[in-house]
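No lab work stands behind these numbers, since they all come straight from the coordinates. What you see is a predicted model, and the numbers here were worked out from it, not measured in a lab.
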Amino acid sequence: MSPAGDQETNHLAWSKGGTASVLTVSDDTVSLKSTIPSPPGSRLEATLVGEPPVTVKIKIFGSKLEPDGSFTLKGRVLEATRALRARLATLVEG
């Protein structure tokens with residue numbers, strides 16, 4: 001089983017495999033708990049789980065290995081519409 005999937009709700013499914021949950025959202029900046037690492041400067045593409053599924057692109061500016069084997073990723077959402085930002089914000093609130 002994946003490290004981030006044990007107690008967290010998986011909000012994102014990475015296109016290259018793995019999942020992530022949204023920890024914080026501030027404008028276009030997000031913090032994620034991810035099952036896969038990604039170096040600063042890289043761009044990840046994911047599908048936002050739920051209806052309707054939406055493609056999300058994130059440019060990573062921080063990555064940290066956590067003691068539980070998961071990774072905390074910080075990045076900026078690219079091409080974010082108002083609707084996407086609002087939907088990401090509801091994931092943190094709910």
Taking 0.36 nm per residue of separation between residue 26 and residue 92 and subtracting their Cα-Cα distance, the length gained on full extension comes to 22.7 nm
Averaging sequence separations of C-alpha pairs under 8 Å and six or more residues apart, then dividing by the length of the chain, give the relative contact order as a whole percent.
-> 27 percent
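Quick check on the chain: helices-only [θ] at 222 nm, where DSSP H runs of length 4 and up contribute -39,500 (n - 2.57) each and the sum goes over total residues. Nearest 500, please.
Value at 222 nm, helices only: -4000 deg cm²/dmol.
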Of the candidate values [x] 90; [y] 105; [z] 239, the one computed for volume of the Cα convex hull per residue in Å³ from this structure is [x]
In whole angstrom, largest first, the equivalent ellipsoid semi-axes that the Cα gyration tensor gives for the range 42-82 are 22, 14, 7
